[in-house]
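Structure record follows, encoded as structure tokens.
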Amino acid sequence: MAGLNSVFNLHNPPPKCFISLRYQVILSPICFMSKGELIVETLIDCLRAVRAFRNLPTSALTKIAQIASPPTTYQAGELISDGQGEQALLLVVAGKAKVSLLTADGNENILYLLKGGDVDGQAALFVRQPRLARLIEAVYPTTVIRLRHDAFQDLLASSPLLARELLNSFGARLAELEVDNSRLHLLDAKERLYAYLLDWERDYQSSTYQLAMTKGEVANWLGITPATLSHCLKQLVTEGKISVQGRQITIHHGAL
């Protein structure tokens, strides 16, 4: 669990599952639950950190926990998925990861970011076709849970509420992609960069934060060159909208 302090803060406390996992050995001698029951309780706490599942009753979460993999934490730079044969729904409990494709010449094309509470892989539940070989890499220590598609589809068939919540999360992801697409076509590079900096401010719940990716990766994601990114950052600094120190960004809302 080393390194999680860089992910969690007063605005983003760790889910109970981390406390349960860390102190399981201490609690189990005085706990009246069996080891299996304790693991299910731990998974339920983790599932409540996922937006698509947080409104579900405990009975539904218990069924999901019974088909879920144990929570796995990946350190920054580690591959969560190499895109080969991944037939699972990915639940991001905490942290941040980037989803990308490799071009034929080996260059990375960043598609989007996953943050704590997100779900990835919903489309494969509804469309039976080979998935693109996407790479999912942790940019901060990131904890995930996997749900096998076949087992989860069986569960969806018996739970209309679960199906509705999953469709809502799928719709939210499509809406985010639509916003990304509209920004790409309607905003210039500086406006697009500033819009994403404001998005990240909302995610971090702080006007000062560290960029989750390197500046080169941010440029890749925005579809601009690193030189253009540097120029846009300098323009925003000159306009008084932001301050930049390395990868630390501070948003100044008082700027005209």
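What follows draws every value from the coordinates through simple rules; no lab data is involved. Quick caveat, the model's predicted, so the values are computed rather than measured. Cβ atoms come from the backbone with ideal geometry, glycine included; neighbour counts cover every protein chain shown.
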Query - Net charge contributed by nearby residues that have their C-beta within less than 15 Å of Tyr140 (K/R +1, D/E -1) - result: -1
Query raised in the report: Exactly which GluC sites (Glu not before Pro) in the stretch 135-242 are in a DSSP loop and have at most 13 other Cβ atoms within 10 Å?
Result: Glu239
Report summary line: Computed from the beta carbon distance with a Förster radius of 30 Å, FRET efficiency for Asn109 and Ser159 to the nearest 0.05 stands at 0.25
Query raised in the report: So what's the gap between the Cα centers of the stretch 218-256 and the stretch 85-115, to the nearest angstrom?
Result: 24 Å
Report task. Provide Leu91, Leu236 in ascending order of the number of other Cβ atoms located within 10 Å of each residue's Cβ, fewest first. Result -> Leu236, Leu91
Report summary line: With R₀ set to 25 angstrom, the calculated FRET efficiency between the beta-carbons of Val179 and Thr228, to the nearest 0.05, is 0.75
Requested in this report: Can you check what the net charge comes to around Leu186, using other residues whose Cβ is under 12 Å from the Cβ of Leu186 (Lys, Arg +1; Asp, Glu -1)?
Outcome: -2
